[in-house]
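Structure first, commentary second.
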Amino acid sequence: MGIKFNKVDFKYQGNDNKAYLALSNITLNIKDTGEFITLIGETGSGKTTLVQHMNALLTPLSGSVDIFGVKINRENVKKKKVKLNPIRQQVGLVFQFPEYQLFEETVQKDIIFGPKNFGVDEATAIERAKEVIKVVGLDESYLQRSPFNLSGGEKKRVSIAGILAMEPDILILDEPTSGLDPLGRNALLDVFYDIHKKLNKTIIIITHDMNTVYEYAKRVLVMRDSYLVYDGDPIHLFTNKNIDNWNLDVPDLLNLIHKLEEDLGIQLPTQPRNEQELFEQLKVVLS
Amino acid sequence: MDIIQMKNVSFSYQQDQPVLDGINLNIKKGEWVTILGHNGSGKSTLSKLLIGLLKPSQGEIIIDNITLSRETVHEARKHIGIVFQNPDNQFVGVTVRDDIAFGLENLQVPRNEMVERIDKYAHKVHMAEYLNKEPHNLSGGQKQRVAIAGILAMQTDIIIFDEATSMLDPKGRRMILDYMSQLNKEGVTIITITHDMKEAVLSDRIVVLKKGKIIKVDKAKSVLKDQETLEKSNLELLLPLKVLNYLEKENIDNEKVRSYLWELSLTR
Ligand SMILES: Nc1ncnc2c1ncn2[C@@H]1O[C@H](COP(=O)(O)OP(=O)(O)OP(=O)(O)O)[C@@H](O)[C@H]1O
Ligand SMILES: Nc1ncnc2c1ncn2[C@@H]1O[C@H](COP(=O)(O)OP(=O)(O)O)[C@@H](O)[C@H]1O
Ligand SMILES: [Mg+2]
Ligand SMILES: [Mg+2]
């Protein structure tokens, strides 16, 4: 089942009467379990538009998106043939701007809104709120605060907590780590990875951080100017000669490995995928 | 000359809960200073105090020889501009063009120069094609570019960038950083708030905030390798420096590799 894009096009109608092409001929399959995907690409390439099709916030202009067997296209949506509520629970989407997601008087009300909406009773929802607020690195005192009076990074954390509390099958996060302090970012990426590992859930993360792509992703999607231009593994992506055209960059780890080899002639036995592997290999080579 | 002086500044949003506590900070004209700190440490609050959007509950702030008060804040704004963390908080115009124009109207820039500046800075940030579009209908990174153009166009002596590049793709971010360097060389005083150590390397000095207090102010090069301080405020070392520390811990003494890694951490 999962999510299937079939030749999807999408345009925005601008206030200046120009049409802005955001998706062109997208065909794509995402499994309902076991995927860890990062979605990357230049500013304005269509990443946010793409994920907003994955929980039917947007409807394709042409083509269709199948979400857990429900077909989303112009016709079905116009004739009100699709029930959106189950889709919104199955596919949880954390917005790029937390401000678009936070609207209640208190953080707690915001977090329990989703679960309650999907039939969870209030007491259980509050219990969940107490758990998820800690998962995102804030303490329980934040539950009684107004979401509007928080710092940027704190808002981001609360908006992530709200979606985690819904316990969706597929979790999609639109630039979840921009604005987080580095240790907070690492901790949250580990949380997402844990959810993926322990519950075998599919996770999709939009990011500009190439280190996240290299160290976490099993599969990478690259958008460029409304087209999906790469769908594959991270190792091959970073040896692709197009990465400069796509406004991407080389991850710090790969950069360092290349530099050590070029400038100091240090050759590592294998290509390390994380810091720990790099340390261990360097130790062997240099001792 | 100190273009910015913060003298024993404290601030609380709610009584008895200081968000900034006894801040003393002087910034020289033409300096580039980075402010680092964990989420909620007070960085954005500090920047809002500097532009007079918030008023200190205690202490005094002097910008370009103007002591901030309700009466002087309008005058001070001609000297200091800020790109907000959330670009939506900055947009007032119906179109991108109006938006950039708005700041210039406030500065009473003559009409023909205004047109020139809008064009110049829209091109600078690669948003010239979008001048007629509504700012709210842009992608996140495009919003940030427009917000940056709006402030650059005002050509103030001091510019604060509050996580202004957080949603840009790597190439776009590099472009803006290069431009910041250029402005700084031309004499503009720059304050960047960021979580990215690669960005911090570019500046002259780094201020580290933790829970509303300054826990460190020093030359960028010194703060960069100060793991203890950085970790106190949820920050991490650059990768080459992490490797350096690891080698040290393992007693692997290779002078060539060590000095190479140190050099590497200072270049972008
Ligand atoms: N309008 C407000 N009312 C009450 N408290 C606030 C308000 N804005 C911020 N705070 C609180 O003040 C503290 C400092 O917030 P500030 O926005 O300055 O942090 P920051 O360092 O910019 O964080 P971030 O990295 O997340 O942007 C935080 O604990 C925050 O919750
Ligand atoms: N609500 C909207 N109205 C009009 N155009 C939009 C709207 N949202 C996005 N766009 C345009 O669609 C394109 C893709 O945007 P988006 O999917 O947000 O990009 P990304 O997330 O990759 O940065 C951009 O050119 C953007 O300006
Ligand atoms: Mg986006
Ligand atoms: Mg902030």
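The values are calculated or read from the model by the stated rules, or taken from the named source; none is laboratory data. This one's a predicted model, so the numbers in the text were calculated from it and none came from an experiment. Note that each Cβ is placed from the backbone with ideal geometry, even for glycine, and that neighbours are counted across all protein chains shown. These accessible areas exclude ligands, DNA and RNA; they are computed on the full protein's heavy atoms, side chains included. Shrake-Rupley method; radii C 1.70, N 1.55, O 1.52, S 1.80 Å.
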For the stretch A:234-280 and the stretch B:23-45, what is the centre-to-centre distance using only Cα atoms, to the nearest Å?
33
Interface residues, the stretch A:249-287 - accessible area loss of 40 Å² or more versus chain alone, probe 1.4 Å
A:ASP249, A:ASP252, A:LEU256, A:LEU264, A:GLU275, A:PHE279, A:LYS283, A:LEU286
Sorted by accessible surface (1.4 Å probe, heavy atoms of the protein chains only), largest first, A:LYS259, A:LYS18, B:LYS249, A:LYS155 come out as B:LYS249, A:LYS18, A:LYS259, A:LYS155
Quote the FRET efficiency, to the nearest 0.05, computed for A:ASP263 versus B:ASN132 with a Förster distance R0 of 56 Å and r equal to the Cβ-Cβ distance.
0.70
Those residues in the stretch B:158-178 that give up at least 20 Å² of accessible surface, probe 1.4 Å, once the partner protein chains are present instead of the chain by itself are B:SER166, B:MET167, B:ASP169, B:PRO170, B:LYS171, B:ARG174
Roughly how tilted is helix B:239-249, in degrees to the nearest 10 and between 0 and 90, from the longest Cα axis of chain B?
20
Mind checking which lysines have their Cα closer than 18 Å to the Cα of A:LYS79? Skip sequence neighbours fewer than 8 apart in that chain.
A:LYS71
Under 16 Å Cα-Cα from B:LYS29, which aspartates and glutamates qualify once same-chain neighbours fewer than 8 residues away are excluded?
B:ASP2, B:ASP64, B:ASP157, B:GLU186, B:ASP204
First compute the accessible area of the protein assembly as shown with a 1.4 Å probe, then give the percent of it belonging to carbon and sulfur atoms.
47
For the stretch B:144-183 and the stretch B:239-254, write down the distance between their C-alpha centroids in whole Å.
35
Ordering B:LYS219, A:LYS4 by how much accessible area each has at a 1.4 Å probe, largest first, what is the list?
B:LYS219, A:LYS4
Cα gyration tensor of the protein assembly as shown, axes a ≥ b ≥ c as square roots of the eigenvalues: rounded (a/c below 1.5), prolate (a/b > b/c) or oblate?
rounded
Are there GluC sites (Glu not before Pro) in the stretch B:30-114 that DSSP marks as loop and that have at most 10 other Cβ atoms within 10 Å, and which are they?
B:GLU71
Cα gyration tensor category, rounded, prolate or oblate, for chain B with a/c compared to 1.5
oblate
Charge dipole (debye, nearest 20) of chain B; +1 at Cβ of Lys and Arg, -1 at Cβ of Asp and Glu:
160
Mind checking which of B:LEU237, B:PRO135, B:LEU202 is farthest towards the positive end of chain B's charge dipole, using Cβ charges of +1 (Lys, Arg) and -1 (Asp, Glu) about the Cα centre?
B:LEU237
From the cross-link list A:LYS197/A:LYS218; A:LYS283/B:LYS256; B:LYS55/B:LYS78; A:LYS241/B:LYS256; A:LYS134/B:LYS43; A:LYS198/B:LYS232, which pairs have alpha carbons spaced over 21 Å apart?
A:LYS241/B:LYS256; A:LYS134/B:LYS43; A:LYS198/B:LYS232
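Set the Förster distance to 45 Å, then compute FRET efficiency between B:GLU250 and A:LYS130 from the Cβ-Cβ distance, nearest 0.05. Don't skip to the end; give the middle numbers.
Details: r = 42 Å, r/R0 = 0.93.
Taking R0 as 45 Å, the efficiency between B:GLU250 and A:LYS130 is 0.60.
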Which value at 222 nm does the protein assembly as shown reach when only helices count, each DSSP H run of 4 or more adding -39,500 (n - 2.57), with the total divided by all residues and rounded to the nearest 500 deg cm²/dmol?
-11000 deg cm²/dmol
Globularity ratio of the stretch A:3-250, using Cα Rg and 2.2 N^0.38 Å
1.01
On C-alpha positions alone, give me the angle between the axis of helix B:96-106 and the longest principal axis of chain B, in degrees, nearest 10.
80
Using a probe radius of 1.4 Å on protein heavy atoms only, what is the accessible area buried between chains B and A, both sides summed, to the nearest 100 Å²?
4100
If the cut-off is a Cα-Cα distance under 15 Å, which aspartates and glutamates reach A:LYS155, setting aside same-chain residues fewer than 8 apart in sequence?
A:GLU99, A:GLU104, A:GLU105, A:ASP110, A:ASP139, A:GLU140, A:ASP174, A:GLU175, A:ASP181, B:ASP88, B:GLU163
Quick one: angle between helix B:170-185 and the longest Cα principal axis of chain B, in degrees between 0 and 90, rounded to 10, please.
80
Once phi is turned into θ = phi - 60°, what whole-Hz ³J(HN,Hα) does the Karplus curve with 6.51, -1.76 and 1.60 give for every residue of the stretch B:38-51, x standing for Gly and Pro?
5, 4, x, 6, x, 4, 5, 4, 4, 5, 5, 5, 5, 9
